[in-house]
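Working notes, structure below.
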Amino acid sequence: MKEFYAIDFGTSNSLLAHIDASGVSKLIPMDHDGDVMLKSLIFTPTLREWYFGKHAIEMREENDGEGRFFRSIKKFLAESNFKGTEVHGQMMPIEKLVSTFLKHMKKQADKATGKDIKNVVLGRPARYSLDDEKDKLAEQRMMAAAKLAGFDEILFCPEPLAAGLSIAKSETEELVMIADFGGGTSDFTILKVHNRNYSTDDVMGMSGVFLAGDALDGRMMKEFISPHFGSRIEYRIPFNDGLLKFPKKLMNILCSPAHISVLRERETWDFLKEIQTYSVNEEYKRQLSQLFILVEEQLAYPIYREIEKTKIDLSSTPVGHFQFLHPGIKIHEDISEGDYKESISEVVAKIKDSMLESFTQNDLEPKDIQRVYITGGTGQSPYIQEMLRNVFGANKISGGEVFQSVISGLAEFAKLQQL
Ligand SMILES: Nc1ncnc2c1ncn2[C@@H]1O[C@H](COP(=O)(O)OP(=O)(O)OP(=O)(O)O)[C@@H](O)[C@H]1O
Ligand SMILES: [Mg+2]
C-alpha cells in the first residue's frame with residue numbers, strides 16, 4: 001500500500017493523519033505548540049510572513065491586528081462570486097488562499113515523516129452547496145488548492161461517511177445515523193454498520209446543510225450583540241420624511257463570521273459614515289461609532305471569539321455572559337438559555353429538515369434507525385441533542401469522538417480504496 005496523508009480541512013479546525021505503508025495511521029502535530037488540531041485561521045502581516053492556527057491568533061495580537069486575518073475560509077469555496085481577495089496589494093484567488101493552509105499542513109507533516117508525500121485523501125462536506133454547480137466548483141477549487149500545495153494524487157471522501165467509517169464495527173448489522181455538526185456544515189449519513197468491509201451499498205442516505213456552529217454564532221450576533229453596533233438604529237435623510245433602518249444586506253454581513261471583514265470596503269464605510277450623520281439620536285450615533293472601531297481595528301475575530309465562548313458556556317450554564325471591552329467599545333450582555341434557545345430555533349429547525357432529507361433517498365423512516373452517532377464540535381450543543389432526541393428517541397443517541405471522527409474515518413476510507 002502507498003503511504004498517504006488524510007486531511008480533514010474544517011471550517012473551524014483541521015487535522016492531518018499519516019498512514020504508512022502497512023496501513024497504520026497516526027495524527028501529526030500541526031500547530032506550533034504541538035497540538036494535533038490546527039484552528040483553520042490564517043494571519044499574514046506581510047507578503048512573506050504567514051501564520052496558521054493559534055500561531056495566527058498570537059501574531060495578530062503581536063502586530064496589533066495590522067495585516068490580513070482569515071477565518072472560515074472553507075465557506076468561500078462554494079461562493080462562485082467570491083473570486084478572491086486582495087492580500088498585500090495582490091489579488092489572491094480562493095484556491096491560492098486555501099493552498100497556503102494546506103501547504104503549511106503538508107510541510108509540518110513532511111517534516112515529521114522526513115518524506116515528501118504526494119498522496120492525499122481530503123474530506124468534503126456532504127454538500128458544499130445545495131446548488132450542484134457551486135458544489136462542483138467548490139470541489140474543483142479544493143482540488144486546485146491541494147495541487148498547489150504539492151499533492152498530485154488526490155481523493156475526496158464525504159466527511160459524514162468518514163465519520164461513519166470511524167465508528168466501531170458491529171457484530172449484528174444495524175442502521176446508524178451519523179450526524180456531524182461542525183463549524184460550517186451539518187452533515188448526515190445513514191449507514192449500514194456491520195463487521196464486513198464496507199461498500200457503497202451500505203450508504204443508505206446522505207444530506208447536509210451549510211448551517212452549524214458559525215450560523216449559531218451569527219444568530220447570537222444578530223439577536224444580542226449587533227444592536228450595540230447600531231443594527232437597530234433609525235435615520236432620516238434630509239428632505240425625506242421616512243425613517244430608515246440599518247440595511248439588511250449589511251446586517252447579514254455583520255452576522256456572518258466569515259464575511260464580516262467585507263465591511264472594510266470603502267463604499268460600505270462611506271455609507272455607514274453617512275447614516276451615522278443622519279441617525280436620529282445620540283445613542284444611535286454612539287453605537288455606530290462602536291461599529292467603526294470594530295471595522296477599523298479589525299475586531300471581528302476577537303468579538304466572534306467572545307460570542308463563541310458565550311455560546312459554549314450556554315451549552316452547560318443557564319446564563320451566558322458576553323463581555324467585550326476595548327477603547328471606545330464597552331459591551332456587557334447577559335443571555336439566558338431561554339432567550340438563546342429561541343434565537344437559534346430557526347437554525348436548529350433547518351438543520352433538522354436537512355437531516356430528514358437523508359430519508360428521502362430510501363424508504364426508511366427515523367424509527368428504523370437503531371443508533372444515532374453524534375460527532376463534531378456543535379454536536380455538544382444541548383439544543384442540537386434535544387432535537388435529535390425528539391426525532392429518534394433518547395435511548396438511541398450515542399456520542400463519539402467530538403473532533404477526530406472524520407480524520408480517523410478518512411484514513412479508513414483511503415485503505416478501502418487501496419490508494
Ligand atoms: N461545547 C460546545 N458547545 C457548542 N458548540 C461547540 C462546543 N465546542 C465547540 N463548539 C463549536 O464547534 C464548532 C467546531 O466544530 P468542528 O471542529 O467539528 O468543526 P469543523 O470540522 O472545523 O467544521 P466543518 O466540519 O463544518 O467544516 C465551532 O463552531 C465551535 O464553536
Ligand atoms: Mg468537520
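Here are some notes:
- Whole-Hz couplings from phi, Karplus 6.51/-1.76/1.60, listed for segment 114-125; x for Gly and Pro: x, 10, 10, 8, 10, 9, 9, 10, 10, x, 9, x
- Between 0 and 90 degrees, the angle of helix 94-113 with respect to the longest Cα principal axis of the chain falls at about 50 degrees.
- Calculated FRET efficiency for the pair Ala349/Ser199, C-beta based, R₀ 35 Å, to 0.05: 0.55
- Rolling a 1.4 Å probe over the protein chains gives Lys309 an accessible area of about 100 Å².
- Accessible-area ranking of Thr46, Thr360, largest first, probe 1.4 Å: Thr360, Thr46
- Per-residue SASA entry for Ser22, accessible area with 1.4 Å probe, Å² rounded to 10: 100
- Theoretical FRET efficiency, 1/(1+(r/R0)^6), r = Cβ-Cβ of Arg236 and Val319, R0 30 Å, to 0.05: 0.20
- Per-residue ellipticity at 222 nm, computed for the chain from helices alone with -39500 (n - 2.57) per DSSP H run of at least four residues, works out to -11500 deg cm²/dmol.
- Accessible surface of the chain, 1.4 Å probe, proportion on carbon and sulfur as whole %: 49
- The long axis of helix 382-392 is offset from the longest Cα principal axis of the chain by roughly 50 degrees.
- Extension gain for Glu153 to Ala168 (0.36 nm times residue separation, less C-alpha to C-alpha distance): 2.6 nm.
- Note: relative contact order over the chain, using C-alpha pairs below 8 Å and six or more positions apart, is 17 percent.
- Segment 214-332: relative contact order as a whole-number percent, Cα under 8 Å and 6+ apart: 26
- Ranked by the mean number of other Cβ atoms within 10 Å of their residues, highest first, the peptides 263-271, 89-97 fall in the order 89-97, 263-271.
- A Cβ-based charge dipole, computed about the Cα centre of the chain with Lys and Arg at +1 and Asp and Glu at -1, lands at about 600 debye.
- Applying the Karplus relation 6.51 cos²θ - 1.76 cosθ + 1.60 with θ = phi - 60° to segment 251-263 yields 3J(HN,Hα) values of 4, 4, 5, 4, 8, 10, x, 6, 9, 4, 5, 4, 4 Hz, where x marks Gly and Pro.
- Given Lys26/Lys74; Lys96/Lys285; Lys103/Lys341; Lys74/Lys111; Lys103/Lys350; Lys106/Lys352, the pairs whose alpha carbons are separated by over 31 Å: Lys96/Lys285; Lys103/Lys341; Lys103/Lys350; Lys106/Lys352
- Measuring r between the beta carbons of Asp64 and Glu282 and using R0 = 30 Å, the FRET efficiency lands at 0.50.
- Here the extension length gained between Thr360 and Lys245 equals 37.3 nm, from 0.36 nm per residue of separation less the Cα-Cα distance.
- Residue-wise HN-Hα coupling along segment 11-20, computed from phi with Karplus coefficients 6.51, -1.76, 1.60 (Hz; x: Gly, Pro): 5, 10, 9, 10, 9, 9, 10, 9, 10, 7
- As a length-normalised measure over Cα pairs under 8 Å and 6 or more apart, the relative contact order of segment 289-419 settles at 16 percent.
- Candidate residues His194, His18, His321, His55: accessible-area rank, largest first, probe 1.4 Å: His321, His55, His18, His194
The values are calculated or read from the model by the stated rules, or taken from the named source; none is laboratory data. Quick caveat, the model's predicted, so the values are computed rather than measured. We place every Cβ from the backbone using ideal geometry, glycine too, and count neighbours over all the protein chains shown. Heads up: the accessible areas ignore ligands, DNA and RNA and are worked out on the full protein's heavy atoms, side chains in. Shrake-Rupley method; radii C 1.70, N 1.55, O 1.52, S 1.80 Å.
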